[in-house]
Amino acid sequence: MWNLWNQKNSEIFGETGMFADCDEVRLLFPVRKIQRIFCSATGMEYLPERDWNFNPETQQIIRPENSRIPRLSDEDLHPAGPFYPNPGARAIQGGLDGRPLLFDNRNFFAEHQFAVDYIAEEIDFPLEEILSPLSGRLPRFRAKLSRRGGAIRISWLGDSISEGYNASGYHKFSPFQPPFAELAARHLGERFSLCVELRNHSLSGARSEYPLTCVKKWSDDCPDLQVIAFGMNDFAVSDEAEEYLANIQKTVQIAQLASPETEFLLIASMSGNPEWSNTPLKKADEFSRALRQLAAEAGKHVAFADLFSLWQRLLKRKTFMDLTGNGVNHPNDFGHRVFALGVNFILEKEA
């Protein structure tokens, strides 16, 4: 599996960073030992003293002059025109200060980020506190997990993040890591010795009304678990959460009519680039809180995965550019692994 870390020895795998108009990057946890710094997209290994130094007092990785680790300047991050070093990267309008932002939906950011394997003093990442799961949820789904063996079916509805953007495996770039929906399904299969069938109907650009426009596409799945994961494109265009919640409720009702035994996982979206007008942090927070309330009132067959709060926890120590896959509203491989961890924590909590 694509593990984030090993709790037993406090080893972290492939935590990402980027020298984005800076020469210092912090890691999530206090460092005992840096084991390796590399680029997962290119395979380049970066050497201590030549390419990087570590300051134990500030807990920062430092980029020395003439390092081979890429660095993007403020001008690179706010290009006035086409970004010529990579044909796929370009300027996208909507910066809060009036300037464009750098955007790329393939592997430009992965090639300009670095990954760190290290041993931490401790892994302080309390998922129970961060995610605040609703208690006693998904009894039928968890009963199937606890019996082990057999098969389960998961149907997934969401936007481009759920579809797989910018996981390297989705775009067929090295290191070919699957997106978080697939990682979560694989983990369930391996941990509980299950055959997990994942039917992912997510679509780039989709908002919460998307399932209502293509009911026949997904309503015949009759899954054990229906995942509903919208938000990023909704709070970019909606002033209030009411319509968003109404669409989620209608989707749940349609699925219940088609398959009364189906249970549900509602997922709150990550926030986007704080410098982009289309991804206001306040909206993401409001939509997340509203979705939690909806799930709380829906009863024991509906669970809630607060990936918004999980993402905010990362951003207490990391910058958005350390973790982004496209510069504006997608996670990178490391972010997809964090999201898979969050989803699996919710699904397995009482199994």
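Distance from the Cα centroid of the stretch 270-330 to that of the stretch 1-70 is 25 Å (rounded to whole angstrom). A simple rule links phi to the HN-Hα coupling: the Karplus curve 6.51 cos²θ - 1.76 cosθ + 1.60 with θ = phi - 60°, which for the stretch 308-321 gives 4, 5, 4, 5, 5, 5, 4, 6, 5, 10, 10, 9, 4, 5 Hz, with x for Gly and Pro. Candidate cross-link partners of Lys250 among the lysines, defined by an alpha-carbon separation under 28 Å and a same-chain spacing of 8 or more, comprise Lys144, Lys216, Lys217, Lys282, Lys283, Lys300, Lys349. Rounded to the nearest 500, the helix-only mean residue ellipticity at 222 nm of the chain stands at -9000 deg cm²/dmol, with each DSSP H run of n ≥ 4 adding -39,500 (n - 2.57). In plain terms, the chain from Lys282 to Asp97 could stretch by 64.9 nm, reckoned as 0.36 nm per residue minus the Cα-Cα distance.
Straightening the chain between Glu65 and Asp117 buys 16.5 nm, computed as 0.36 nm per residue apart minus the Cα-Cα spacing.
The simple spin-label model puts a point 7 Å past each Cα toward its Cβ; for Arg50 and Arg289 those points are separated by 5.2 nm. Only one item in (1) 39, 20, 19; (2) 31, 25, 20; (3) 34, 24, 17 matches semi-axes √(5λ) of the Cα gyration tensor in Å derived from the coordinates shown, and that item is (3).
Legend: calculated FRET efficiency, Asp74 to Lys172, from the Cβ-Cβ distance at R0 = 25 Å, rounded to 0.05, equals 0.20.
Principal-axis analysis of the Cα atoms of the chain puts helix 180-192 at an angle of about 70° to the longest axis.
Using the Cβ-Cβ distance between Arg147 and Gln35 with R0 = 35 Å, the FRET efficiency computed as 1/(1 + (r/R0)^6) comes to roughly 0.35. Taking the stretch 111-145 and a reference point 7 angstrom along Cα→Cβ of Cys22, the backbone N atoms nearer than 15 Å belong to 113-114. Taking amide H positions as modeled 1.01 Å from N, with prolines and chain starts lacking one, the residues under 5 Å from Val227 and 5 or more places away or on another chain are Ser155, Trp156, Leu157, Leu265.
What you get for the chain, charging only the Cβ of Lys and Arg (+1) and of Asp and Glu (-1), is a dipole of about 1080 debye around the Cα centre. Potential lengthening of the chain between Ala296 and Glu242 amounts to 17.8 nm, from the contour at 0.36 nm per residue minus the alpha-carbon distance. Please give the helix 333-348 orientation as an angle from the longest Cα principal axis of the chain, in degrees from 0 to 90, rounded to the nearest 10. With both axes taken from Cα atoms, the answer is about 30 degrees.
Using the Cβ-Cβ distance between Glu348 and Leu212 with R0 = 22 Å, the FRET efficiency computed as 1/(1 + (r/R0)^6) comes to roughly 0.15. What the phi angles of the stretch 66-78 give under the Karplus curve with 6.51, -1.76 and 1.60, with θ = phi - 60°, is a coupling list of 6, 5, 7, 6, x, 9, 9, 7, 4, 5, 5, 6, 10 Hz, glycine and proline written as x.
Couplings 3J(HN,Hα) for the stretch 162-168, derived from phi with the Karplus relation 6.51 cos²θ - 1.76 cosθ + 1.60 (θ = phi - 60°), are 6, 5, x, 4, 9, 5, 4 Hz, where x marks Gly and Pro.
In the chain, the longest principal axis of the Cα atoms and the axis of helix 242-258 are about 50 degrees apart.
Each value in this text was obtained by applying a stated rule to the coordinates, not by laboratory testing. From a predicted model like this one, the values you see are computed outputs, not experimental measurements. Cβ: placed from backbone, ideal geometry, glycine included. Neighbour counts: every protein chain shown.
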